[in-house]
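The values are calculated or read from the model by the stated rules, or taken from the named source; none is laboratory data. This one's a predicted model, so the numbers in the text were calculated from it and none came from an experiment. Don't worry about glycine lacking a Cβ; one is built from the backbone with ideal geometry, like all the others, and counts go over all protein chains shown.
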């Protein structure tokens, strides 16, 4: 018996012809999205409450997945008799004015740190019920800390704080925009599970491995109103002499204290120790989500379109590094991500405009572009960690539709 997972694929163009024929004008990516969904949404039954995991994109980002594709997923769920809701979790985030507080850019530029800001960006990007046909729910609450603790035997974690609201649903459809990522190597279905479905607590632990810390050399309680103490939702901050102290055993890493602190770099995160630890941690998170929700209850669709070097969490993810690769669907998050990476490797690269105004030579077929352009990353780390956690398979059969 074959152990291959099935991955369905729809090319971004008509393979047989690039001519502007009537067939090509009609058979667009939205039509192909419907064809993929018809293959993978076989587990949805009448009356099922279906969560559709999305990422609405960071403020000023223009590479995020267009709401048109999400609407197709919503309509497909409704056609199966399901009751769809879009679900999201908040980013770690910090005020851009306070960028000096942390030492990793990815948590200093976020404007999706709470429901108010997140909802505003979702609205600006067209993620509205009046447009898409389903409400947007923040499954980790108003501030990103409402959780269900899931016990696991992971590579780094023994427990994971999964977003509590996820368990209000019967089925889960994970929509991912396939693109590069500076630490993970790439972002796809696994990262949508391991970062996108957990609370700030495990987002922070995945990135940094430990809680926020107070820089006692910069913290001076005589010069502030000590608002950090009252802002902490879990009472993890207390007075210790002339400065504040964060109890690492209680800290959720939600960054609410940093919003109140008037001194830059007085409260900060430790540096990420290495890339492989980050990957192991968020794959542990993904394992907890799948284990607790049920692998048979989840389906995945990856849109390998508009593929920049960086993720949708930043305002400027850069230029696209490969042409559009198509739309992928599967019940296996490992197989679908592996199919996307293989397609990216097999595709020709695109030229990139450098700061001096000159264009780079396109990377050749057979080269993993994300790794070639960001030498610290390695996409295979995700697959290695996922296989160790027995999440899915890198062996797949690609079926073009």
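Can you give me the number of residues within the stretch 144-155 that are part of a loop (DSSP other than H, G, I, E, B) and surrounded by fewer than 20 Cβ atoms within 10 Å (Cβ to Cβ)? Let's see the steps before the verdict.
Step one: list which residues in the stretch 144-155 are part of a loop (DSSP other than H, G, I, E, B), which gives 144-146, 152-155.
Still in the list and also surrounded by fewer than 20 Cβ atoms within 10 Å (Cβ to Cβ): 146, 152-153, 155.
Going through the stretch 144-155 one residue at a time, the tally reaches 4.
Quick check, is residue 128 within 16 Å of the chain's Cα centre (by Cα) and modelled with pLDDT of 95 or more? It would help to see each step written out before you state the result.
Working: within 16 Å of the chain's Cα centre (by Cα): no; modelled with pLDDT of 95 or more: yes.
Against the criterion (within 16 Å of the chain's Cα centre (by Cα) and modelled with pLDDT of 95 or more), residue 128 does not qualify.
Looking at the stretch 209-321, what strands (runs of 3 or more DSSP E) fall wholly within it and have at least 1 residues that are more than 19 Å from the chain's Cα centre (by Cα) and modelled with pLDDT of 90 or more? Give the derivation first.
Values: elements: 237-240, 243-246, 298-304.
Ranges flagged: 237-240, 243-246.
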Item checked: Hits in the stretch 207-218 (condition: touching a strand residue (DSSP E or B) at 6+ places or on another chain (Cβ under 8 Å) and within 18 Å of residue 91 (Cβ to Cβ)) -> 211, 212
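Of the residues that make up the stretch 213-232, is at least one closer than 26 Å to residue 55 by Cα and in contact with a helix residue (DSSP H, G or I) (Cβ under 9 Å, 6 or more places away or on another chain)?
Taking the stretch 213-232 as the starting set, the residues that turn out to be closer than 26 Å to residue 55 by Cα are none.
No, there is no match, as no residue in the stretch 213-232 is closer than 26 Å to residue 55 by Cα and in contact with a helix residue (DSSP H, G or I) (Cβ under 9 Å, 6 or more places away or on another chain).
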Check: Going through the stretch 373-384 one residue at a time, which ones are at pLDDT 90 or above and part of a helix (DSSP H, G or I)?
Finding: 380, 381, 382, 383, 384
Checklist line | Hits in the stretch 331-357 (condition: surrounded by fewer than 24 Cβ atoms within 10 Å (Cβ to Cβ), modelled with pLDDT of 90 or more and in a loop (DSSP other than H, G, I, E, B)) | finding: 331, 347, 348, 349, 350, 351
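Can you spot a residue in the stretch 195-206 that is assigned to a strand (DSSP E or B), touching a helix residue (DSSP H, G or I) at 6+ places or on another chain (Cβ under 6 Å) and at pLDDT 90 or above? Lay out the reasoning, then the answer.
Our first condition is that a residue be assigned to a strand (DSSP E or B); within the stretch 195-206, this holds for 198.
Filter once more, keeping what is touching a helix residue (DSSP H, G or I) at 6+ places or on another chain (Cβ under 6 Å): 198.
If we keep only those that are at pLDDT 90 or above as well, we get 198.
Looking through the stretch 195-206, at least one residue is assigned to a strand (DSSP E or B), touching a helix residue (DSSP H, G or I) at 6+ places or on another chain (Cβ under 6 Å) and at pLDDT 90 or above.
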Check: Checking residue 200 against (1) buried (at least 24 other Cβ atoms within 10 Å of the Cβ); (2) touching a strand residue (DSSP E or B) at 6+ places or on another chain (Cβ under 7 Å), which single condition isn't satisfied?
Finding: (2)
Notebook entry, point to check: How about the stretch 167-190: which of its residues are modelled with pLDDT under 95 and either over 18 Å from residue 324 (Cβ atoms) or surrounded by fewer than 22 Cβ atoms within 10 Å (Cβ to Cβ) (or both)?
Noted result: 181, 182, 183, 184, 185
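Return yes when residue 190 is closer than 26 Å to residue 40 by Cα, part of a helix (DSSP H, G or I) and touching a helix residue (DSSP H, G or I) at 6+ places or on another chain (Cβ under 8 Å) and no when it is not.
Working: closer than 26 Å to residue 40 by Cα: yes; part of a helix (DSSP H, G or I): yes; touching a helix residue (DSSP H, G or I) at 6+ places or on another chain (Cβ under 8 Å): yes.
Answer is yes for this residue.
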Next item on the list: Filter the stretch 1-36 down to residues that are at pLDDT 90 or above and out of contact with any strand residue (DSSP E or B) (no Cβ under 7 Å at 6 or more places or on another chain) and give me whichever is farthest from residue 323 (Cα to Cα).
Entry: 34
